[in-house]
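Take a look at the structure set out below.
The values are calculated or read from the model by the stated rules, or taken from the named source; none is laboratory data. Just so it is clear, the structure is predicted and the values come from calculations on it, not from any experiment. Here the Cβ is made from the backbone with ideal geometry for all residues, glycine too, and neighbour counts use every protein chain on show.
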Amino acid sequence: MHLIIAEKHDAAKRIAEILAGSKPRSQRIAGVEVFRFDDKVVVGLSGHIVGVDYPPGYNSWQKVDCRDLIRAEIVVRPIQEKIISALERLGREADSITIATDFDREGELIGVEALKIVQKVNPNLHVDRVRYSAIVREEIQKAFQKRGDVDYELAASGEARQIIDLVWGAALTRYISLTSGRLGKEFLSVGRVQSPTLALIVDREREISAFVPKPYWEIYVDLEKQLTVQHAKGRIWKKDEVDGIVSRLGPLGIVRSIETKPRVDKPPAPFDTTSFIAAASSIGFSAANAMHIAEWLYTNGFISYPRTDNTVYPPSIDLKALTSLFLDSAFSEEARLLLQGKMQPTRGKRSTTDHPPIYPTAPVDKSALKEEQWRIYELVVRRFFATLAEECIWEATSLKVDVGPEPFRASGARLIQAGWRYYYPYSKTEEHILPRLEKGERLKVLGRRVDSKETQPPARYGQGKLIKLMDELGLGTKSTRHDIISKLYARAYVQGNPMRPTNTAYAVIDTLQKYAPTITKPEMTQTLEKDMTLISEKKAREDDVIEESRVMLTSVFDELISNQEGIGQSLRDGLRTDKIVGTCEKCSSDLIIRRGHRGSRFIGCSGYPQCRFTLPLPRSGSVVVTDRVCEQHGMNHIRIINKGKRPWDLGCPHCNFLEWQAKKAGDKADPAAGEKKAARPAAKKAKKPAGKVTATQSGKKAAAESGDGLVNVPGIGPKTLKKLTLAGIMTVPDLVGAEAGSLAEKTGISAKKIMAWQSAAIAES
């Protein structure tokens, strides 16, 4: 039996269909679907089926010295046990195996991981490798006709990266988290690539904060024939100079020169991964989402492999034949026009031998794709067409006009030939056509204006721009950069796009830059990335590169340990501000995000126990305090981040809770609404609001009389409500913030029941 291993299930299914020439027979082995035809079986993995980790004895953060992780044993553990079982069963009956995973460093490692599992049960297998850049019939058939050898060195470089990232990430993350006291779900993540990337964002934000705007002025004059000209100096930095120019302006403008010449915009280079992500970002896609969609399109045979550094089409791609495929598609008009032209492809600066640039491999109906999938597919198609199109040609006009003794100018542009811009409308430019004028022509001055402006700070990094910068600095790879950015969001280090660092990010980066700057600079990562490339080129040994990284990390820890006290204090001081939400309206103390004894979270007053002002928070997700402030309550808006889900903008916790209370009151007053309240959907539709009914004592009394939401907590009836009121528990936040044991003593209610109510209240809120 001939066993073929693909990287993913969908890729396996498609490869099997292409090789079989018909629909292969589906079968389940150890719960995993495989595809049989003739004497062949195709099985798909799920990316990495094993991973590197420390032995179980290293799991305790408090008991294991962080420095011990640097040279601790690294073990391989199963991740996908069903797939491993399927491989073992298939391996026993196989006599040959073909690795058909993605053709890059990560794909090679994934293939070798699977190969090792099969070879344990059948060491005498014949092994070969196929490499392809598109899952289409012609390329897959060609790849299987020209099977080669597995590149074990390339796989070793991928394994080295796994081990290095594990050791650096685990050791540094534990050290920083333990030193700061941030453990559990709120641990502080530090990484070999992640931290230098985060430092770029923090440094840019510091530039923005430190930026001092400089005033300047621009002078414009409106002339006859709907012509507006600007003073030739452009920005003028002194106001008295502006006043002098304005005073010298006459009633007429005299045309001194008119120069018209062609301007050529060359077509863009083909997409590599970095430029693709940048383009997708410009039309509203996050880096991770753009890559996720691109990988789906690739697996289903619509575009080529999306992880590439190449910007030059290889001669093996028949560009005319490929374009002809689109004559019966939604892009039929564009394809027809292209085929009538020269079709001379552009060439970028990078040419590699692994994968071609990203290009469309087959037409597909818009109705067969989801909206986001179509937008990414269309982007790839149009970029491909643009790289084959003619230049865009403009007629550019430069005009000089004297108004009194002062020189003014204007420029215009008229589109002569749309060229590639016809196919690629994402790069926006507009015509600006000047009126017909002659040299020496006199034009009446109709008006004048002086625009007062200020210089602007540098722009924040959008995801596309940041990935370009990471590429330039050698931070990460084409396959990992979008994942790094996703982690920064997931770990509540950044928010928004363009990205803004949170207070947590400031605390971590400020501390590292002061006491261990090596971690935040790209040079360290650049060195290790080059060394890992040398492994794939057989110029360095995997063990030597890993050892070098351990020596570097040991040096970093020498810095950390010698400054441990300062690091701890710096982190604690910085992180405290990350938890401040606003000012208590009762006592003017800070309102801080706190965690209860059983994992519940709430906003509590730092003046506790004298002040018991509290607001509940959702139990799960990372809490990010944003820069936006509620005008009514002076509290910062809150964002909740749950892994794999869209961020939830909770808004002002106080406002949100008031809305929830109002909703509850409305449901109680409306019997029809009350009937629909099974499973309490009303609270969920209110987007888990959180807040306090009122901060005044009289408001508290009124709230207590109506139950203030307490009666809506499962298990709390009128008698229990009375006991709670007598114990000073008049609101839901009072209940959430109470110590269960103490409240049990006051009310005679079991602490277990009270904790159950607290959990229910948190979940409801």
Fill in the blank from the handout: Exactly one of Ala413, Ala490, Ala507 is closer than 30 Å to Ser281 by Cα and more than 28 Å from the chain's Cα centre (by Cα), and that residue is Ala413
Exercise for the section: Within the range 213-235, count every residue that is more than 12 Å from Glu406 (Cα to Cα) and crowded, with 17+ Cβ neighbours inside 10 Å. Expected result: 4
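For every residue, the table says whether it meets (1) within 30 Å of Asp627 (Cα to Cα); (2) of a type in the set (Lys, Arg); (3) touching a helix residue (DSSP H, G or I) at 6+ places or on another chain (Cβ under 6 Å).
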position: Val212; (1), (2), (3): yes, no, no
position: Val221; (1), (2), (3): no, no, no
position: His231; (1), (2), (3): no, no, no
position: Arg235; (1), (2), (3): no, yes, no
position: Val242; (1), (2), (3): no, no, no
Fill in the blank from the handout: Filtering the range 507-525 down to residues that are of a type outside the set (Ser, Thr, Tyr) and crowded, with 18+ Cβ neighbours inside 10 Å yields Ala507, Val508, Ile509, Asp510, Leu512, Ala516, Ile519, Pro522, Met524
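Restricting the range 155-184 to residues that are among the charged types (D, E, K, R) and touching a residue at least 40 places away in the same chain (Cβ under 8 Å), which is farthest from Leu109 (Cα to Cα)?
Looking at residues that are among the charged types (D, E, K, R) and touching a residue at least 40 places away in the same chain (Cβ under 8 Å), I get Arg182.
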Exercise for the section: Give the residue, chosen from Ser452, Ser479, that is touching a residue at least 60 places away in the same chain (Cβ under 8 Å) and touching a strand residue (DSSP E or B) at 6+ places or on another chain (Cβ under 8 Å). Expected result: Ser452
Completion exercise
Within the range 124-135, of all residues that are within 21 Å of Thr352 (Cα to Cα) and of a type in the set (A, V, I, L, M), the one surrounded by the fewest Cβ atoms within 10 Å (Cβ to Cβ) is Val130
Exercise for the section: Evaluate the following for Val50: is it touching a residue at least 24 places away in the same chain (Cβ under 8 Å), touching a Pro at 6+ places or on another chain (Cβ under 6 Å) and surrounded by fewer than 22 Cβ atoms within 10 Å (Cβ to Cβ)? Expected result: yes
Problem - Counted residues, the range 425-446 - those being touching a residue at least 60 places away in the same chain (Cβ under 8 Å), aliphatic (A, V, I, L, M) and assigned to a loop (DSSP other than H, G, I, E, B) - result: 2
Practice task
State yes or no: is Asp104 closer than 30 Å to Pro356 by Cβ, surrounded by fewer than 22 Cβ atoms within 10 Å (Cβ to Cβ) and modelled with pLDDT of 95 or more?
Solution key: no
Fill in the blank from the handout: Scanning the range 278-302 residue by residue, those part of a loop (DSSP other than H, G, I, E, B) and within 22 Å of the chain's Cα centre (by Cα) turn out to be Ile283, Gly284, Phe285, Ser286
Exercise for the section: Considering each residue of the range 214-261, count those that are of a type in the set (Ser, Thr, Tyr) and either farther than 17 Å from Gly447 by Cβ or not assigned by TED's automatic domain parsing to the domain that holds Pro407 (or both), and give that number. Expected result: 3
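Scan Ser600, Ser555, Ser588, Ser549 and give me the residue that is at pLDDT below 90 and more than 20 Å from Arg639 (Cα to Cα). I'd like the intermediate steps shown before the answer.
Working: Ser600 fails: more than 20 Å from Arg639 (Cα to Cα); Ser555 fails: at pLDDT below 90; Ser549 fails: at pLDDT below 90.
The conditions single out Ser588.
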Fill in the blank from the handout: Among Val556, Val551, the single one that is crowded, with 17+ Cβ neighbours inside 10 Å and of a type in the set (A, V, I, L, M, F, W, C) is Val556
Exercise for the section: Could you identify the single residue in Thr455, Thr504 that is closer than 28 Å to Ser209 by Cα, buried (at least 22 other Cβ atoms within 10 Å of the Cβ) and among the hydroxyl-bearing types (Ser, Thr, Tyr)? Expected result: Thr504
Problem - Verdict on Asn59 being more than 31 Å from the chain's Cα centre (by Cα) and either loosely packed, with under 14 Cβ neighbours inside 10 Å or more than 26 Å from Lys538 (Cβ to Cβ) (or both) - result: no
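Of these, Arg147, Arg71, Arg129, which one is touching a residue at least 40 places away in the same chain (Cβ under 8 Å) and either assigned by TED's automatic domain parsing to the domain that holds Ala16 or farther than 21 Å from Ile164 by Cβ (or both)?
Values: Arg71 fails: either assigned by TED's automatic domain parsing to the domain that holds Ala16 or farther than 21 Å from Ile164 by Cβ (or both); Arg129 fails: touching a residue at least 40 places away in the same chain (Cβ under 8 Å).
After ruling out the rest, the residue left standing is Arg147.
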Fill in the blank from the handout: Given (1) within 30 Å of Ser555 (Cβ to Cβ); (2) exposed (fewer than 11 other Cβ atoms within 10 Å of the Cβ), Arg28 misses just (1)
Exercise for the section: Considering every residue within the range 485-497, establish whether at least one is assigned to a loop (DSSP other than H, G, I, E, B), of a type outside the set (Asp, Glu) and more than 19 Å from Leu172 (Cα to Cα). Expected result: yes
Exercise for the section: For Lys142, state whether it is free of Cβ contacts under 8 Å to residues at least 12 places away in the same chain and either of a type in the set (Lys, Arg) or within 22 Å of His9 (Cβ to Cβ) (or both). Expected result: yes
Practice task
Within the range 319-349, work out how many residues are over 35 Å from the mean Cα position of the chain (by Cα) and not polar (S, T, N, Q).
Solution key: 12
Exercise for the section: Kindly provide the set of residues from the range 2-25 that are surrounded by fewer than 18 Cβ atoms within 10 Å (Cβ to Cβ) and assigned to a loop (DSSP other than H, G, I, E, B), ordered by number. Expected result: Gly21, Ser22, Lys23
